[in-house]
Amino acid sequence: MRQRFGIGYDSHVFAAGRPLILGGVEVEHDRGLKGHSDGDAVTHAVIDALLGAAAMGDIGRLFPDTDERWKGADSIALLKEVRHRLNAASYTIVNVDVTVILEAPKLAPYIASMCDNVSRSLGLPQSAVSIKAKTNEKMDSVGRGKGIQVFAVASIGGA
Ligand code: MG
């Protein structure tokens, strides 16, 4: 089995009147993330890392935001779809590592549930999924709380 790697990145701006969904978990906060889907930047970055590892395009190509089918979409459902597409192409997902950058709220109380959602959606043991959160030390727009940035790396095995 040849090992392959992919990188994923996503950013979303905070917006009032929306729930904050990260890794399929609703995080208590006064704002959510703007987006055509549920705005789950963690799951979107993981999806792009997986698709990148398989050289199968990106989230925008698979689930275009011009398509009404994906309006308000549950990103975890999209992640499961990506898992099936990789499996159908004979790829095995090995592990995923994520770094979330946001000034607030603190994600520590939610990290275990987020890892649980992502690992179950991918059919992986919990030990194969890592999600870490940090602030931007008040630097730049993310540091001023305007939005969130997420980096993800995925490893898969296959042809
Ligand atoms: Mg996104």
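Taken together, the values in this text are just the output of simple stated rules run on the coordinates, not laboratory data. Not measured: the values here are computed from a predicted model. Counting neighbours? That spans all protein chains shown, and the Cβs are built from the backbone with ideal geometry, glycine included.
Would you confirm whether any residue within region 60-77 is within 20 Å of Gln126 (Cα to Cα) and among the aliphatic types (A, V, I, L, M)? Yes. Selection within region 9-20: residues that are more than 10 Å from the ligand (Cβ to nearest atom) and either assigned to a strand (DSSP E or B) or without any contact (Cβ under 8 Å) to a residue 12 or more places away in the chain (or both). The member of this set that is nearest to Arg120 (Cα to Cα) is Leu20. Just so you know, in region 40-53 the residues that are in contact with a strand residue (DSSP E or B) (Cβ under 6 Å, 6 or more places away or on another chain) and more than 16 Å from Pro105 (Cα to Cα) include one that is nearest to the ligand (Cβ to nearest atom), and it is His44. Looking at the structure I just gave you, is Lys80 more than 14 Å from the ligand (Cβ to nearest atom), at negative phi and assigned to a loop (DSSP other than H, G, I, E, B)? Spelling it out, it is not the case that Lys80 is more than 14 Å from the ligand (Cβ to nearest atom), at negative phi and assigned to a loop (DSSP other than H, G, I, E, B). Scoring Arg61 on the criteria (1) within 16 Å of the ligand (Cβ to nearest atom); (2) charged (D, E, K, R); (3) in contact with a strand residue (DSSP E or B) (Cβ under 8 Å, 6 or more places away or on another chain) leaves a single failure, condition (3). Residues in region 21-33 that are free of Cβ contacts under 8 Å to residues at least 60 places away in the same chain and not in a loop (DSSP other than H, G, I, E, B) were compared, and the one that is farthest from the chain's Cα centre (by Cα) is Arg31. In this structure, does Ala73 turn out to be within 11 Å of the ligand (Cβ to nearest atom), under 15 Å from Leu102 (Cβ atoms) and not β-branched (Val, Ile, Thr)? Answer is no for this residue. Would it be correct to say that Thr66 is away from the ligand (no atom under 16 Å from the Cβ), over 14 Å from the mean Cα position of the chain (by Cα) and of a type in the set (S, T, N, Q)? No, not satisfied.
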